[in-house]
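Pasting a structure below so you can have a look.
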Amino acid sequence: MRQIPLFVIFFLSGAAGLGYEILWTRMLSVSLGHEVVSVLAVVCAFFSGLAIGAWFLDRPVSRSSKPERWYCLFELVIGGWALALVYLIPLLNPMVASFIGIEPTPLRHWSISFIYPFLLLLPATTAMGGTLPAMDRFFTRLSKSQRAVGGLYSINTLGAMAGTFFTTFFILPVFGLAESAFLLAGLNFIGAAAVMLFRPGAFADASKTKATHLPDGIEKKHFFLILFMTGFLGIGFEVLMVRVLSQILENTIFSFASILIVFLGGTGVGAAIYQRYFKTVNFSRTLTRLLQTTATFCLIAVHLLRYAEQLFLLLKNFFGDGFWAAIGAEMGLTLLFFLLPTAAMGTTFSHLAQSLRRSDGGVGQALCVNTLGSAMAPLIFGVLLLPVMGMKFCIVLVSLGYLLLLT
């Protein structure tokens, strides 16, 4: 029963994190000139800060005897900086817009558009990167079990899914930008306060964190390569499928939100499956099966694309007319294409992160490397490969990439 509040806290933390991403995208679009530019810039800043925090905070958090204090600090920094941005962004937006100019060169425009959000959001995103390692250490001390990565990653990702849904469809339309930021920051403050309510004496009998060694014959560089490539291929799959499905869906901001919700939900389900059913496994054999499964599900999704338009029309006829009917049809279609591949991706990341975990860290490093791969995917697939290779070969390349990792 003592574990349930921690799941709730981490669920709310994930909801606030993705809520901020949507909120900051809207707020920064004023100075960056276009919402599409703002989306790319905020996603890049979000991933980059998350990776930096996960890497540099992993070891001190893992070695600490008070991981709950680290977690409280991270939540307070996230909420506090989010409130500061409510006042900072309106002040800085006119300055940044004037610095970009009316007719900037592409290099000038894109450079400012990426550097400005990265620096502006860095305190909050860095703290976000430390929350998973801190909660992992805190939770394992309470549960006396070294297997918590999959469950925590699952609940945090499902919280992110909920945050995307409610922020996009309810919170922002009803409360506006500033009030939404205060509401999301309240979730961080509630999480910090709730963790502090756990009495230190409750952990007096908790077992110390034991070292978890890498599987025999596996080098850390191989772990990092697979973590990087699975993040890279996973977001690459999302980017390419969004480009295809955007020709069929209504192609609004709600369409992209629907795809993101399903993507996060499938990832969270996959992590939960790993936590529940993969208790004692052979690392190499399990990884092989997971990579094969992910590649298979991606290829099935590619095959289903030829029927996407007919399936969407059937769903629209089933749900009927109206705004929520259209959203239901779009989510139904994205479920068909994303649920199985993303569930396999979530299971694979949980397996790798749990296997890398050891006494002085590992979970944060896994999150960092995987996130860096995710950050590279939109540029490589969306900007460089897609114009050269075309959509069909790029999507097939993602599936083959998972199979190539088997070697």
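Look through Val37, Val30, Val8 and report the one residue that is open to solvent by less than 20 Å² (accessible area, probe 1.4 Å), modelled with pLDDT under 95, in a helix (DSSP H, G or I) and among the β-branched types (Val, Ile, Thr). If you could, list the steps in order and put the result at the bottom.
Working: Val30 fails: open to solvent by less than 20 Å² (accessible area, probe 1.4 Å); Val8 fails: open to solvent by less than 20 Å² (accessible area, probe 1.4 Å).
Matching residue, one of Val37, Val30, Val8: Val37.
Run down Leu397, Leu405, Leu339, Leu385 and say which single residue is in contact (Cβ under 8 Å) with a residue 60 or more places away in the chain, of a type outside the set (Asp, Glu) and under 21 Å from Leu305 (Cα atoms).
Details: Leu397 fails: in contact (Cβ under 8 Å) with a residue 60 or more places away in the chain; Leu405 fails: under 21 Å from Leu305 (Cα atoms); Leu385 fails: in contact (Cβ under 8 Å) with a residue 60 or more places away in the chain.
Criteria check complete, one pass: Leu339.
Sticking with this structure for a sec: Search the range 179-201 for residues that are over 23 Å from Lys66 (Cα atoms) and open to solvent by 60 Å² or more (accessible area, probe 1.4 Å) and pair each with any residue that is modelled with pLDDT under 95 and of a type in the set (Phe, Trp, Tyr) when their beta-carbon atoms are under 8 Å apart and the residues are at least 6 apart or on different chains.
Qualifying pairs under 8 Å: Leu183/Phe175.
Okay, residues lined up against (1) at pLDDT below 90; (2) over 14 Å from Gly362 (Cα atoms); (3) hydrophobic (A, V, I, L, M, F, W, C):
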{"site": "Trp110", "(1), (2), (3)": "yes, yes, yes"}
{"site": "Ser113", "(1), (2), (3)": "yes, yes, no"}
{"site": "Leu119", "(1), (2), (3)": "no, yes, yes"}
{"site": "Leu122", "(1), (2), (3)": "no, yes, yes"}
{"site": "Met128", "(1), (2), (3)": "no, yes, yes"}
{"site": "Thr131", "(1), (2), (3)": "no, no, no"}
{"site": "Lys144", "(1), (2), (3)": "yes, yes, no"}
{"site": "Gly151", "(1), (2), (3)": "no, yes, no"}
{"site": "Ser154", "(1), (2), (3)": "no, yes, no"}
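Condition test on Leu352, is it among the hydrophobic types (A, V, I, L, M, F, W, C), at pLDDT 90 or above, surrounded by 19 or more Cβ atoms within 10 Å (Cβ to Cβ) and in a helix (DSSP H, G or I)?
Taking the combined requirement at face value, the residue satisfies it.
Name the residues in the range 315-325 that are farther than 12 Å from Leu249 by Cβ and either basic (Lys, Arg) or under 31 Å from the mean Cα position of the chain (by Cα) (or both), would you? First the steps, then the outcome.
Residues of the range 315-325 farther than 12 Å from Leu249 by Cβ: 317-325.
Selection gives Phe319, Gly322, Phe323, Trp324, Ala325.
Okay, moving on. Output the residue which, of all residues in the range 290-303 that are open to solvent by less than 50 Å² (accessible area, probe 1.4 Å) and not polar (S, T, N, Q), is farthest from Gly268 (Cα to Cα). Before the answer, list the steps.
Our first condition is that a residue be open to solvent by less than 50 Å² (accessible area, probe 1.4 Å); within the range 290-303, this holds for 290-291, 294-295, 298, 301-302.
Checking the rest, the ones that are also not polar (S, T, N, Q) come to 290-291, 295, 298, 301-302.
Values: Leu290: 16, Leu291: 17, Ala295: 18, Cys298: 17, Ala301: 19, Val302: 22 Å.
Going through the qualifying residues, I end up with Val302.
Is the range 340-348 home to any residue that is surrounded by fewer than 22 Cβ atoms within 10 Å (Cβ to Cβ), among the hydrophobic types (A, V, I, L, M, F, W, C) and assigned to a helix (DSSP H, G or I)? Quick ask: steps written out before the conclusion?
Initially, the range 340-348 is screened for residues surrounded by fewer than 22 Cβ atoms within 10 Å (Cβ to Cβ), giving 340.
Filter once more, keeping what is among the hydrophobic types (A, V, I, L, M, F, W, C): 340.
Restricting the remaining residues to those that are assigned to a helix (DSSP H, G or I) gives 340.
Checking the range 340-348: at least one residue is surrounded by fewer than 22 Cβ atoms within 10 Å (Cβ to Cβ), among the hydrophobic types (A, V, I, L, M, F, W, C) and assigned to a helix (DSSP H, G or I).
State whether the residues of the range 99-111 include one that is assigned to a helix (DSSP H, G or I), of a type in the set (Gly, Ala, Ser) and touching a residue at least 40 places away in the same chain (Cβ under 8 Å).
Initial filter on the range 99-111 (assigned to a helix (DSSP H, G or I)): 99-100, 106-111.
Subsequent filtering for residues that are of a type in the set (Gly, Ala, Ser) retains 111.
Next, only the ones that are touching a residue at least 40 places away in the same chain (Cβ under 8 Å) stay: none.
No: the range 99-111 contains no residue that is assigned to a helix (DSSP H, G or I), of a type in the set (Gly, Ala, Ser) and touching a residue at least 40 places away in the same chain (Cβ under 8 Å).
Considering the range 173-222 alone, what residues qualify as being at pLDDT below 70, charged (D, E, K, R) and closer than 28 Å to Cys368 by Cβ?
Result: Lys208, Lys210, Asp216.
Scan the range 223-235 and give yes if some residue there is assigned to a helix (DSSP H, G or I), out of contact with any helix residue (DSSP H, G or I) (no Cβ under 8 Å at 6 or more places or on another chain), modelled with pLDDT of 50 or more and farther than 18 Å from Leu290 by Cβ, otherwise no. Walk me through how you get there before you give the answer.
Applying the first criterion (assigned to a helix (DSSP H, G or I)) to the range 223-235 yields 223-235.
If we keep only those that are out of contact with any helix residue (DSSP H, G or I) (no Cβ under 8 Å at 6 or more places or on another chain) as well, we get 225.
When the remaining residues are screened for being modelled with pLDDT of 50 or more, the result is 225.
So of that shortlist, the ones also farther than 18 Å from Leu290 by Cβ come out as none.
No, there is no match, as no residue in the range 223-235 is assigned to a helix (DSSP H, G or I), out of contact with any helix residue (DSSP H, G or I) (no Cβ under 8 Å at 6 or more places or on another chain), modelled with pLDDT of 50 or more and farther than 18 Å from Leu290 by Cβ.
Hey, any hits in the range 309-329 for a residue that's buried (at least 23 other Cβ atoms within 10 Å of the Cβ) and either part of a helix (DSSP H, G or I) or among the aromatic types (Phe, Trp, Tyr) (or both)?
Step one: list which residues in the range 309-329 are buried (at least 23 other Cβ atoms within 10 Å of the Cβ), which gives 329.
Within this subset, residues satisfying the condition of being either part of a helix (DSSP H, G or I) or among the aromatic types (Phe, Trp, Tyr) (or both) are 329.
Yes, the conditions are met somewhere in the range 309-329.
The values are calculated or read from the model by the stated rules, or taken from the named source; none is laboratory data. If you're wondering where the values come from, they're calculated on a predicted model, not measured in any experiment. Counting neighbours? That spans all protein chains shown, and the Cβs are built from the backbone with ideal geometry, glycine included. All accessible areas refer to the heavy atoms of the entire protein, side chains included, with ligands and DNA or RNA removed. Shrake-Rupley method; radii C 1.70, N 1.55, O 1.52, S 1.80 Å.
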